[in-house]
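First comes the structure, then the notes that go with it.
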Amino acid sequence: MLTGMKGNRFFRLFASHLILILMAVIIIYPLLWTVGASFNPGNSLVSNSIIPKNPTLDHYKELFAGKESLQYGHWYLNSLKISIFTMIGSVISVSFTAYAFSRFRFKGRKNALTLFLLLQMIPQFSALIALFVLAQLLGMMNSHWLLILLYIGGTIPMNTYLMKGYMDSIPMDLDESAKIDGASNTRIFLQIIMPLSRPMLAVVAMNGFTGPLGDFVMSSTILRTPESYTLPIGLYNLVNEVMGASYTTFAAGAILISIPIAVAFLLLQKHFVSGLTAGGTKG
């Protein structure tokens with residue numbers, strides 16, 4: 001009996017480790033190729049290898065001191081600007097919305113939650129024509145602020161569900177005790193609920209920050225001039241040229257995109273895991 005239990009345990013551990021190793025290979029292998037391509041000379045990927053034979057930094061230099069049409073540094077700042085303001089706006093809007101749904105009972109509450117659930121099922125690109133027409137009517141084509149508002153609006157439904165689930169797990173006794181001491185709803189929200197919700201705030205902040213850095217479809221619909229481009233649009237144009245495609249320079253630019261994401265993750269990692277696991281405890 002004990003031998004059979006040990007055998008089953010060994011098999012489960014072996015299967016778990018095998019799956020983890022396969023997932024690690026699937027994730028790391030393309031990353032290694034991208035890093036290797038960024039240091040390989042030339043513009044083609046045909047003769048590239050994971051370990052460059054003659055590594056060079058020319059592609060990284062070209063990003064910041066290359067041809068005039070390659071405004072990588074400007075695109076980088078545009079992306080950071082949009083991501084940072086989207087993160088701040090997402091945290092503020094989602095916090096207020098989730099607090100209202102979690103702590104108050106009002107007419108239309110269930111219908112609004114159902115609407116948020118339905119909005120999560122609709123892909124963003126289904127509204128691209130409407131957003132394009134809206135941008136033209138408002139005269140806000142090439143506007144980063146319109147794009148920021150659209151990103152914030154897109155993060156509210158899903159993140160509100162996550163934040164609400166986390167706030168539901170905070171005991172109502174804390175609110176009632178604070179009200180007995182004379183605290184208002186605003187004070188309870190700012191001094192009790194928000195500090196206790198830091199793990200989920202980190203998740204919402206991470207979602208708001210990384211989303212714009214990887215978005216191409218919506219940003220390319222609103223932003224049409226090279227001066228307003230974000231990194232995904234600018235880098236796409238590097239490999240979209242029929243005769244002048246530069247895949248190795250694209251690889252170098254893609255590697256540099258990961259730096260702010262890695263920094264944000266390192267700053268938020270102590271809250272990140274607990275926030276993800278706790279967000280779905282209650283509905």
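The values are calculated or read from the model by the stated rules, or taken from the named source; none is laboratory data. Just so it is clear, the model here is predicted, and its values are computed rather than measured. Note that each Cβ is placed from the backbone with ideal geometry, even for glycine, and that neighbours are counted across all protein chains shown. Surface areas here come from the heavy atoms of the whole protein model, side chains and all, with no ligands, DNA or RNA. Shrake-Rupley method; radii C 1.70, N 1.55, O 1.52, S 1.80 Å.
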- Have a look at ILE192, VAL203, LEU32 and report the one farthest towards the positive end of the charge dipole of the chain, computed about the Cα centre with Cβ charges (Lys/Arg +1, Asp/Glu -1). ILE192
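Ordering ILE51, ILE27, ILE192 by how much accessible area each has at a 1.4 Å probe, largest first, what is the list?
These residues rank, largest area first, as ILE51, ILE27, ILE192.
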- Nearest 10, in degrees from 0 to 90: the angle of helix 2-39 to the longest Cα principal axis of the chain is 50 degrees
- If you average the sequence gap of Cα pairs under 8 Å that are 6 or more apart and divide by the length of the chain, what percent do you get for the contact order? 30 percent
- Note on the structure: Taking Cα atoms only, helix 128-138 is inclined relative to the longest principal axis of the chain by an angle, in degrees rounded to 10, of 90 degrees
- Message: Could you tell me the center-to-center distance, by alpha carbons, between the range 195-259 and the range 91-112 in angstrom?
- Response: 31 Å
- Rounded to 10°, Cα long-axis angle of helix 247-278 versus longest principal axis of the chain: 20 degrees
- Query: Carbon-plus-sulfur fraction of the accessible area of the range 64-276, 1.4 Å probe, in percent?
  - Reply: 68 percent
- Net dipole in debye of the range 151-226 [+1 Lys, Arg Cβ; -1 Asp, Glu Cβ; about Cα centre; nearest 20]: 320 debye
- Task: Highest first, please rank the peptides 168-178, 116-126 by the mean number of other Cβ atoms sitting within 10 Å of their residues.
- Result: 168-178, 116-126
- Query: Considering the chain, what Rg and Dmax in Å follow from its alpha-carbon atoms?
  - Reply: 23.5, 75
- Point-charge dipole on Cβ atoms (K/R +1, D/E -1) for the chain, about Cα centre, debye to 20: 900 debye
- Query: What does the helix-only formula give at 222 nm for the chain: each DSSP H stretch with n ≥ 4 adding -39500 (n - 2.57), the total divided by the residues, and the result rounded to the nearest 500 deg cm²/dmol?
  - Reply: -24000 deg cm²/dmol
- Among 142-149, 212-219, how do they line up from the highest to the lowest mean number of other beta-carbon atoms within 10 Å? 212-219, 142-149
